[in-house]
Amino acid sequence: MDRISILGVQFDAITKTEAVQHAMANIRQGRKGYVVTPNSEIVYMARSDAQLKKLLNAASLVLPDGIGVVHAAKILNKPLKEKVAGIEFAADLIAEMAKEGRSLFLFGAKPGVAEKAAENLKKKHPGLVITGCRDGYFKDDAEAIKDINAAGHSDVILVCLGAPKQEFFMHTHLNELNGTLLCGLGGSLDVYAGIVERAPDFYVDHGLEWFYRLKKEPWRAKRMTALPKFLLTVMKSKITGKEQ
């Protein structure tokens with residue numbers, strides 16, 4: 001697969017369907033790895049965090065989760081095939097896993113959320129095996145790893161701790177966890193549990209999902225300032241010909 005560098009983060013130039021196929025191939029072959037879905041904010045953060053940038057680029061799949069990343073690729077004349085939202089990638093991956101009776105562990109969110117998400121996913125995908133659930137509140141990583149591994153082997157572990165905590169957790173503990181593929185998916189468990197409503201199709205289709213989330217959660221306003229800074233940095237990168 002081709003990778004496109006945006007401010008030093010190497011994104012896979014891939015469609016959602018291709019990403020799911022790649023992930024399923026890894027699962028079938030038992031090839032351990034992890035999936036990251038950086039948006040503009042995370043890419044901008046990685047500019048000043050060499051370790052974050054390194055672990056993002058070490059992922060099995062680096063998916064462009066955000067219209068800002070897609071626009072940046074166009075500005076740099078390195079177009080990506082499409083935006084691949086992490087929650088949509090995971091939904092399609094879970095559907096494929098269910099067809100083969102594959103196993104899934106849900107890790108993250110507030111107490112009780114993962115269990116509700118598991119209940120909903122099982123109703124939608126009867127062939128799916130849920131090995132266990134664990135909330136995202138723990139004193140140290142060893143405690144969480146012990147609980148996850150106690151469930152036995154899982155083909156996929158959804159790690160929903162929020163970025164960049166989940167990315168550091170996956171990279172650091174990949175070989176300690178009894179799972180094949182780890183997927184960092186932020187607040188996806190809240191959506192699967194029905195606690196948080198995803199943006200309507202109009203917002204998603206027009207690249208305005210960020211605006212919908214901002215209307216629902218005004219506290220995100222400060223975080224959203226990373227987007228214009230990100231795009232300005234990308235334009236500067238294009239002019240200078242150097243990764244910023």
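The values are calculated or read from the model by the stated rules, or taken from the named source; none is laboratory data. Since the structure is predicted, the reported quantities are computational estimates derived from the model, not experimental observations. FYI the Cβ positions are ideal-geometry reconstructions off the backbone, even for glycines, and counts take in every protein chain you see. Areas reflect the complete protein model, heavy atoms only, side chains present, ligands, DNA and RNA absent. Shrake-Rupley method; radii C 1.70, N 1.55, O 1.52, S 1.80 Å.
Contact annotation: residue pairs with Cβ atoms under 8 Å, 6 or more positions apart or on different chains, pairing a residue in the stretch 164-178 that is farther than 22 Å from VAL43 by Cα with a partner that is open to solvent by 80 Å² or more (accessible area, probe 1.4 Å) and in a loop (DSSP other than H, G, I, E, B), are ASN178/HIS153. Scan the stretch 195-208 and tell me whether some residue there is of a type outside the set (Val, Ile, Thr) and surrounded by 20 or more Cβ atoms within 10 Å (Cβ to Cβ). Among the residues of the stretch 195-208, not one is of a type outside the set (Val, Ile, Thr) and surrounded by 20 or more Cβ atoms within 10 Å (Cβ to Cβ), which makes the answer no. Among the residues of the stretch 1-50, those identified as among the acidic types (Asp, Glu), within 20 Å of SER237 (Cα to Cα) and modelled with pLDDT of 95 or more are ASP12, ASP49. Does at least one position in the stretch 27-50 carry a residue that is more than 16 Å from the chain's Cα centre (by Cα), open to solvent by less than 30 Å² (accessible area, probe 1.4 Å) and in contact (Cβ under 8 Å) with a residue 60 or more places away in the chain? Yes. Remark: PHE89 matches the filter, which requires a residue to be buried (at least 21 other Cβ atoms within 10 Å of the Cβ) and of a type outside the set (S, T, N, Q). Taking the stretch 86-127 as the range and being in a loop (DSSP other than H, G, I, E, B) and under 20 Å from the mean Cα position of the chain (by Cα) as the test, the residues that pass are ARG102, ALA109, LYS110.
Out of the stretch 183-202, which residues are assigned to a loop (DSSP other than H, G, I, E, B) and over 17 Å from LYS110 (Cβ atoms)? Result: ARG198, ALA199, PRO200. For the stretch 51-66, the condition holds for no residue, the condition being that it is among the small types (Gly, Ala, Ser), over 21 Å from ILE87 (Cα atoms) and at pLDDT 95 or above.
Selection of the stretch 163-179 for residues being of a type outside the set (Phe, Trp, Tyr), buried (at least 22 other Cβ atoms within 10 Å of the Cβ) and in a helix (DSSP H, G or I) yields GLN166, GLU167, MET170. For SER5, the stated conditions hold: it is surrounded by fewer than 16 Cβ atoms within 10 Å (Cβ to Cβ), over 20 Å from VAL156 (Cα atoms), in contact (Cβ under 8 Å) with a residue 60 or more places away in the chain and polar (S, T, N, Q).
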